Amino acid sequence: MLDVTDLQIELMTERGVVRAVDGVSFSIQPGETVTIIGESGCGKSTTAMGVLRLLPGDEAVVSGRAVIDGHDVVADPGAAARLRGDTVALIPQDPMTALSPVHSVGGQLGEAVRLREPGLSRRAARDRAAELLAQVGIPEPRRRLRLHPHQLSGGMLQRVLIAMALAGRLKLLVADEPTSALDVTVQASILDLLLTLQEETGMGILMITHDLGVARLVSDRVHVMKDGRFVESGEVEQIVDEPAQDYTRSLLAAVPRLGSWDGASR
Ligand SMILES: Nc1ncnc2c1ncn2[C@@H]1O[C@H](COP(=O)(O)OP(=O)(O)O)[C@@H](O)[C@H]1O
Ligand SMILES: [Mg+2]
């Protein structure tokens, strides 16, 4: 599904060239969740945006290999653009700014549906949009389609963005801190939703987080990132229970917010 080999990303900044990603390799099989965890500024988002080829070409130089669904998007950025419309989607950190404030939720979701299925009538696209909202657990979907983004809570908006990703034939979901901007009380329900959808669709998930609680809830494998490199990789239990690096231990100590830390879940 996703196969990344020796990915390097240099960013052109005002202070010169920064090697934000320095030779990372990882892969994700269908139905798997792989998490990149690390402190702020370690290069997580740059990795995700680089794999999706969402970094502006004049600001970032990407090298190595990143094969998504059989296409090397480092060699062929155009392939990434085609995949993004359909099999690959990004769930952003801040759902509040990801949608247009001037159009209704239904208008924007319907647009996303018609992008994938151009033959669909407006009415059929609206029916499909309502179905998608129901699939992501939004009650009264028909009424919600008429609302504008500011009329929905952050958790609801994140569900709408997930619904939008589901409009295509989603195989890989990249979620960059998808719950960091949300109330603690709704974080777990969004993660639950992602896992349920993963079971239904078999999609692979690349999860980006600084929160080991999140990593522990969702991951099959974890890569611990520091200064653009992976310093430790393994199964989530191994990383959480027997961290080999002091850096990983400091992440463990920092944010025990979500999930169970007393071993009750094992
Ligand atoms: N647009 C940018 N301009 C300059 N430097 C950037 C930019 N985006 C990221 N960086 C730098 O790249 C490094 C990695 O950042 P980022 O990938 O956003 O980290 P993370 O997502 O792990 O917090 C940091 O040193 C950051 O300062
Ligand atoms: Mg980030």
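The values are calculated or read from the model by the stated rules, or taken from the named source; none is laboratory data. Just so we're clear, the structure is a prediction, and the values are computed from it rather than from any experiment. Note that we place each Cβ from the backbone using ideal geometry, even for glycine, and neighbour counts take in every protein chain shown. Each accessible area value is taken on the protein alone, full model and side chains, heavy atoms only, with ligands, DNA and RNA left out. Shrake-Rupley method; radii C 1.70, N 1.55, O 1.52, S 1.80 Å.
Details
- Rg/Rg_globular for region 100-158, with Rg_globular taken as 2.2 N^0.38 Å and Rg from C-alpha atoms: 1.05
- Which of 247, 223, 115, positive extreme of dipole for the chain (C-beta unit charges): 115
- Computed per residue of the chain from DSSP H runs no shorter than four, each worth -39500 (n - 2.57), the mean residue ellipticity at 222 nm is -11000 deg cm²/dmol.
- Note on region 61-117 and region 184-204: Cα centroid distance 19 Å, given to the nearest whole angstrom.
- Taking the accessible area of region 100-158, probe 1.4 Å, and keeping the other protein chains in place, the carbon and sulfur fraction comes to 53%.
- Inter-part distance, region 119-183 to region 205-245, computed on C-alpha centroids, equals 28 Å.
- Full extension of the segment from residue 13 to residue 231, taken as 0.36 nm per residue of separation minus the current Cα-Cα distance, would add 76.0 nm.
- Here the dipole of the chain is about 1240 debye; that uses its Cα centre as origin and unit charges on the Cβ of Lys and Arg (positive) and Asp and Glu (negative).
- Interatomic Cα distance distribution for region 137-194, bins of 10 angstrom, percent: 20, 54, 26, 0
- Projecting the Cα atoms of 51, 141, 85 onto the charge dipole of the chain, computed from C-beta unit charges around the Cα centre, puts 141 farthest toward the positive end.
- GluC sites (Glu not before Pro) restricted to region 28-116 and DSSP loop, no more than 12 other C-beta within 10 Å: 59
- Rounded to the nearest 10 degrees, the angle from helix 154-166 to the longest Cα principal axis of the chain is 80 degrees.
- Rolling a 1.4 Å probe over the heavy atoms of the protein chains gives region 1-81 an accessible area of 44 Å² per residue.
- Where trypsin sites (Lys or Arg not before Pro) fall in DSSP loop in region 1-98, at most 12 other Cβ within 10 Å: 15
- Accessible surface computed residue by residue for region 100-158, with neighbouring protein chains in place and a 1.4 Å probe, gives 55 Å² per residue.
- Sequence-ordered 3J(HN,Hα) estimates for region 182-189 from the Karplus curve with 6.51, -1.76 and 1.60 and θ = phi - 60° stand at 9, 4, 3, 5, 9, 4, 5, 5 Hz, glycine and proline given as x.
- Look at the alpha carbon pairs under 8 Å that are at least 6 residues apart: their mean separation over the length of the chain gives a relative contact order of 25 percent.
- Each distinct pair of alpha carbons in the chain adds a 1/r term; the inverse of their mean, the Kirkwood radius, is 19.1 Å.
- If R0 is taken as 22 Å, the Cβ-Cβ distance between residue 184 and residue 39 corresponds to a FRET efficiency of 0.65.
- For region 6-144, size of Cβ-based charge dipole, Lys and Arg +1, Asp and Glu -1, in debye: 780
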